[in-house]
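The values are calculated or read from the model by the stated rules, or taken from the named source; none is laboratory data. Only a predicted model underlies this, so the values are computations on that prediction, with no experimental measurement involved. Here the Cβ positions follow ideal geometry from the backbone for every residue, glycine too, while neighbour counts run over all protein chains shown.
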Amino acid sequence: MQQRKLWSILSILAVAAAAACGGGGGEEAPAAVAEPAAPAFDPSTAGNVSGMVMVDGELPAAEELMMNSDPNCVMAATNTMSSTYVGSDGHLGNVFVYVREGLGDMTFPTPSEVVTLNQEGCRYIPHVLGIQVGQTLNIVNSDATLHNIHAIPAANQEFNMGQPIQGMQFDRTFDNVEVMVPFRCDVHGWMNAYVGVLDHPYFAVTGEDGMFDISSLPPGDYVIEAWHEALGTQTQNVTVTTGGTAEVSFTFSVS
């Protein structure tokens with residue numbers, strides 16, 4: 001009798017398990033349909049964009065930064081000149097140049113490399129930089145004084161963090177494209193920087209020679225934009241061909 005009861009219980013459990021697992025002859029749920037992938041990019045077909053940024057007129061003299069409010073900054077500073085206007089022989093530095101239009105629905109992986117924004121000599125170094133959405137920005141205080149990092153974006157999350165101890169650092173990421181995100185130090189009013197956030201890797205910042213290179217672009221027609229913190233923006237249309245290098249230049253007027 002007990003053996004028959006045991007078999008009855010096992011039979012009930014087997015039927016229940018089959019029903020839970022979709023047994024009993026029922027139709028299987030349809031497989032999920034994968035989203036269509038973005039068009040693939042063959043790196044062997046890539047081309048490049050290179051050029052320079054110039055100024056029409058005499059480049060304004062760099063302003064001297066008054067750091068007397070913090071003796072630690074006076075001792076640490078190796079450069080007390082503003083980074084707004086830098087360049088030589090009619091060339092303009094600290095210009096953010098990037099692909100504004102033309103990549104369509106292509107997607108690009110988030111780089112694993114960390115981008116560093118340093119506070120050294122009571123300045124942000126570099127003054128202008130680019131980063132991709134989701135990429136890590138490491139913010140470091142290399143000075144023996146308090147800094148307050150205040151990012152003031154329009155399309156991303158604002159943050160305002162103090163770093164009172166030399167060597168302190170923290171990481172941040174950005175979720176949305178934004179050109180540009182201003183940074184300032186609320187302790188030292190002369191400290192500022194600008195970060196361009198993009199969803200692709202096609203950007204550059206000009207040096208004092210005004211030169212830039214944007215490499216490994218898929219062939220196509222693009223709008224390239226040059227941004228300067230005081231002189232505004234300019235755009236140029238350019239066509240990139242397989243294995244070719246398209247030349248483009250920008251000239252900002254200085255009154």
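Table: residues versus (1) touching a residue at least 40 places away in the same chain (Cβ under 8 Å); (2) over 29 Å from Val74 (Cα atoms); (3) of a type in the set (Asp, Glu); (4) touching a Lys or Arg at 6+ places or on another chain (Cβ under 9 Å).
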{"site": "Val97", "(1), (2), (3), (4)": "yes, yes, no, no"}
{"site": "Pro111", "(1), (2), (3), (4)": "yes, yes, no, no"}
{"site": "Asn138", "(1), (2), (3), (4)": "no, no, no, yes"}
{"site": "Ser142", "(1), (2), (3), (4)": "no, no, no, no"}
{"site": "Asn156", "(1), (2), (3), (4)": "yes, yes, no, no"}
{"site": "Met161", "(1), (2), (3), (4)": "no, no, no, yes"}
{"site": "Val195", "(1), (2), (3), (4)": "yes, no, no, no"}
{"site": "Leu198", "(1), (2), (3), (4)": "yes, yes, no, no"}
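Hey, could you check region 174-226 for residues that are of a type in the set (Gly, Ala, Ser) and closer than 30 Å to Asn68 by Cα and say which is surrounded by the most Cβ atoms within 10 Å (Cβ to Cβ)? Applying the filter and picking the extreme gives Ala193. One residue stands out among those in region 243-255 that are over 17 Å from Val99 (Cα atoms) and among the polar types (S, T, N, Q): the one that is modelled with the lowest pLDDT, which is Ser255. So for region 174-183 (the condition being at pLDDT below 95 and either out of contact with any helix residue (DSSP H, G or I) (no Cβ under 9 Å at 6 or more places or on another chain) or of a type in the set (Ser, Thr, Tyr) (or both)), does at least one residue qualify? Checked region 174-183: no residue is at pLDDT below 95 and either out of contact with any helix residue (DSSP H, G or I) (no Cβ under 9 Å at 6 or more places or on another chain) or of a type in the set (Ser, Thr, Tyr) (or both). Taking strands (runs of 3 or more DSSP E) as the structural unit, those lying wholly within region 56-171 and holding at least 2 residues that are among the polar types (S, T, N, Q) and either out of contact with any helix residue (DSSP H, G or I) (no Cβ under 6 Å at 6 or more places or on another chain) or surrounded by fewer than 17 Cβ atoms within 10 Å (Cβ to Cβ) (or both) correspond to 115-119, 137-141, 159-163.
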